[in-house]
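S.K.: I have a structure here, written as structure tokens, and I will follow up with some questions on it.
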Amino acid sequence: MTPRDVVLRELGRSAPVLPVVLVIALLALPVPESGGEASGGGGTGTVADAASALLVGLCAVHLVRTRRRPLSRTAAVLLGLPVVGVTVAACGAASAATGVAGAARYLQIFVLVPAAVLVLIRDARHFRVIAWAFVALALWQGTIGVHQNLTGTGASYMGEDIRAVGTFGSTDVMGMATVVSYGIVCALALAFRPHAPRQRGAAAVCAALLTVPLALSFSRGAWIATAAACLGVLLLAGARRAGRVLLAGGAAAVVLVAGLGVGSAMLQQRLSSISQVTGTPDQSVTDRYTMWAASADMWRERPVTGVGLKGFPDHRDSHASLALSSGSDTAGAGSGFVRQPLLSPHNMYLLVLGEQGLLGLVTLAGGWVALLVCGLRRWKRRCARPDGPGGPELDCALLACGLLIWQLVDFVYADIGGPSTVLTAVAFGVAAWWAVGSPARPQERSQAAAGPRGLPGEAGAR
């Protein structure tokens, strides 16, 4: 068989998830400078957003042609729950246009795209194709970010243009950090894939390399979320493995930070600021705490339904204290100085609580927690062994649970907004496939039972 035939065969096997890979790949392109999204709303769409709409359309066509049941009952309930809170909050928005725009964005990120991704993934092979696409995008964006730091062409940080932001620009400093964090979690999980030593080694190397751009992003929230997700992945992979990797990772981190020269001082300052947020926080932390308090005050005003979708900017000043600054300064990465308005609290839970009330928080965050619980239960049922975690799908379980842990922790420090948000939707879809996806069909189960020599099934996928 010629290399061309091999490539065509692999493309044919991966055809159902190629639209998902396309959405991920389009995030490698530079995005136009914009003011971002206000409170999770519509903002300026990107090519990746357009591709995600095409993804949903292709999924709908596929379901009509195959006449197969799209989702399991559990998946339909958990992915459909956000519709309730979003619809009620949209009715309470300041205007019909604002409500429609906000509802469309929430449904895109938390309902439609995740459901489409879940439907298109057929087996572990497809799952791993998407996982490697996450890693490839992270390597691309991370390489650009490291170059920006070394050449002084990144976003402005402490008076120097050294902050790694990739192609996302200075107005979306969390974009590259999010992409690289996803890549680290995916690579770490793939490093535990059974019966694939070469891919395990490649994944481990990728995870180690990606720690460099993550550090140079200077994103405290991404650091904390990635540490929590990686710890969760290692613990699910086995306590002994976790201990060995943590020791090796700690030693490598000491060497890495010590070898960064001038950057090490800034990294140490950034790390130390995490523990100083209750003492003498910087202005960015003060602004964040002030906006958190404003969101909580909005919720107390309307506890059940909130102030309406995209209502945070309109109600912010009437609920925030005088400690709140007028905006956030951004510059560098090819852009001039821009004063960014503070349009969201940078905490997804408080954003939903303020704009959608308890109804929205329960239907959204409750669904995310339920996905994690279902993912852990499936890990226990299919991967847990008396002699330690294992099984042909161990890497899938670790990846799905790791992504959910990362997202749940990161949402304490961030909310939806910016071009990278569509990747969050794909991540939820990938995690949902493992947590509540339809069980394998009889043919797939027989392929999985064939072992490493089987055709593309859950165990035989190489």
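S.K.: Can ALA136 be described as of a type outside the set (Lys, Arg), open to solvent by 20 Å² or more (accessible area, probe 1.4 Å) and at pLDDT 95 or above?
M.R.: yes
S.K.: Among the candidates LEU18, LEU29, LEU78, single out the residue that is assigned to a helix (DSSP H, G or I), open to solvent by 60 Å² or more (accessible area, probe 1.4 Å) and either farther than 18 Å from ILE130 by Cβ or modelled with pLDDT of 90 or more (or both). Give the steps one after another, and end with the answer.
M.R.: Details: LEU29 fails: assigned to a helix (DSSP H, G or I); LEU78 fails: open to solvent by 60 Å² or more (accessible area, probe 1.4 Å).
Of the residues listed, the single one that is assigned to a helix (DSSP H, G or I), open to solvent by 60 Å² or more (accessible area, probe 1.4 Å) and either farther than 18 Å from ILE130 by Cβ or modelled with pLDDT of 90 or more (or both) is LEU18.
S.K.: Quick check: anything in segment 395-403 of a type in the set (D, E, K, R), over 27 Å from ARG68 (Cα atoms) and either in contact with a Ser or Thr (Cβ under 8 Å, 6 or more places away or on another chain) or assigned to a helix (DSSP H, G or I) (or both)?
M.R.: Yes, there is a match, as at least one residue in segment 395-403 is of a type in the set (D, E, K, R), over 27 Å from ARG68 (Cα atoms) and either in contact with a Ser or Thr (Cβ under 8 Å, 6 or more places away or on another chain) or assigned to a helix (DSSP H, G or I) (or both).
S.K.: Hey, could you check segment 206-237 for residues that are in contact with a Lys or Arg (Cβ under 9 Å, 6 or more places away or on another chain) and in contact (Cβ under 8 Å) with a residue 60 or more places away in the chain and say which is surrounded by the fewest Cβ atoms within 10 Å (Cβ to Cβ)?
M.R.: ARG220
S.K.: What number of residues in segment 318-344 are farther than 29 Å from PHE168 by Cα and at pLDDT 70 or above?
M.R.: 4
S.K.: Give the residue, chosen from LEU408, LEU404, that is at pLDDT 50 or above, more than 17 Å from ASP123 (Cα to Cα) and surrounded by fewer than 24 Cβ atoms within 10 Å (Cβ to Cβ).
M.R.: The match here is LEU408.
Each row is one residue, and each column tells you yes or no for (1) surrounded by fewer than 22 Cβ atoms within 10 Å (Cβ to Cβ); (2) of a type in the set (D, E, K, R); (3) in a helix (DSSP H, G or I); (4) more than 22 Å from the chain's Cα centre (by Cα).
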| site | (1), (2), (3), (4) |
| --- | --- |
| ILE162 | no, no, no, yes |
| MET174 | no, no, yes, no |
| SER181 | no, no, yes, no |
| ILE184 | no, no, yes, no |
| LEU188 | no, no, yes, no |
| HIS195 | yes, no, no, yes |
| GLN199 | yes, no, yes, yes |
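S.K.: Further question on the same structure: Within segment 81-110, can you find the residues that are of a type in the set (S, T, N, Q) and part of a helix (DSSP H, G or I)?
M.R.: Within segment 81-110, THR87, THR98, GLN108 meet the criteria.
S.K.: Another question, then. So if I check each of ASP297, ASP287, ASP314, which one is of a type outside the set (Ser, Thr, Tyr), at pLDDT 65 or above, part of a helix (DSSP H, G or I) and open to solvent by 60 Å² or more (accessible area, probe 1.4 Å)?
M.R.: Working: ASP297 fails: open to solvent by 60 Å² or more (accessible area, probe 1.4 Å); ASP287 fails: open to solvent by 60 Å² or more (accessible area, probe 1.4 Å).
None of the other options fit; the residue is ASP314.
S.K.: Quick check on GLY85: is it in contact (Cβ under 8 Å) with a residue 24 or more places away in the chain and buried (at least 16 other Cβ atoms within 10 Å of the Cβ)?
M.R.: Yes, satisfied.
S.K.: Test LEU394 against the stated conditions and say whether it is hydrophobic (A, V, I, L, M, F, W, C) and surrounded by 24 or more Cβ atoms within 10 Å (Cβ to Cβ).
M.R.: no
S.K.: If you don't mind, another one. Listed residues VAL56, VAL113; which is open to solvent by 30 Å² or more (accessible area, probe 1.4 Å), at pLDDT 90 or above and assigned to a helix (DSSP H, G or I)?
M.R.: Selected residue: VAL56, the only one of VAL56, VAL113 that is open to solvent by 30 Å² or more (accessible area, probe 1.4 Å), at pLDDT 90 or above and assigned to a helix (DSSP H, G or I).
S.K.: If I go through segment 104-152 residue by residue, how many of them are touching a strand residue (DSSP E or B) at 6+ places or on another chain (Cβ under 6 Å) and either under 18 Å from GLY183 (Cβ atoms) or in contact (Cβ under 8 Å) with a residue 12 or more places away in the chain (or both)?
M.R.: Result for segment 104-152: 1.
S.K.: Shifting gears a bit: Consider segment 93-103. How many of its residues are touching a residue at least 24 places away in the same chain (Cβ under 8 Å), small (Gly, Ala, Ser), open to solvent by less than 70 Å² (accessible area, probe 1.4 Å) and more than 16 Å from LEU364 (Cβ to Cβ)?
M.R.: Total satisfying the criteria: 3.
S.K.: If I filter segment 59-75 down to residues being β-branched (Val, Ile, Thr) and surrounded by fewer than 13 Cβ atoms within 10 Å (Cβ to Cβ), which single residue comes out as nearest to the chain's Cα centre (by Cα)?
M.R.: Ranking the qualifying residues of segment 59-75, first place goes to VAL61.
S.K.: Same structure again: Got a sec? Which of PRO442, PRO452, PRO419 is open to solvent by 10 Å² or more (accessible area, probe 1.4 Å), at pLDDT below 90 and within 19 Å of VAL111 (Cα to Cα)?
M.R.: Of PRO442, PRO452, PRO419, the one residue that is open to solvent by 10 Å² or more (accessible area, probe 1.4 Å), at pLDDT below 90 and within 19 Å of VAL111 (Cα to Cα) is PRO419.
S.K.: Starting from segment 16-34, keep only residues that are hydroxyl-bearing (Ser, Thr, Tyr), then list their pairs with residues that are open to solvent by 30 Å² or more (accessible area, probe 1.4 Å) and modelled with pLDDT under 95 whose Cβ atoms are within a distance under 8 Å, requiring at least 6 positions of separation or different chains.
M.R.: SER34/GLY43; SER34/THR44; SER34/THR171
The values are calculated or read from the model by the stated rules, or taken from the named source; none is laboratory data. Just so it is clear, the model here is predicted, and its values are computed rather than measured. Methodologically, a virtual Cβ is constructed for each residue, glycine included, from the backbone with ideal geometry; neighbour enumeration extends over all protein chains shown. Ligands, DNA and RNA are excluded from the accessible area calculation, which covers all protein heavy atoms including side chains. Shrake-Rupley method; radii C 1.70, N 1.55, O 1.52, S 1.80 Å.
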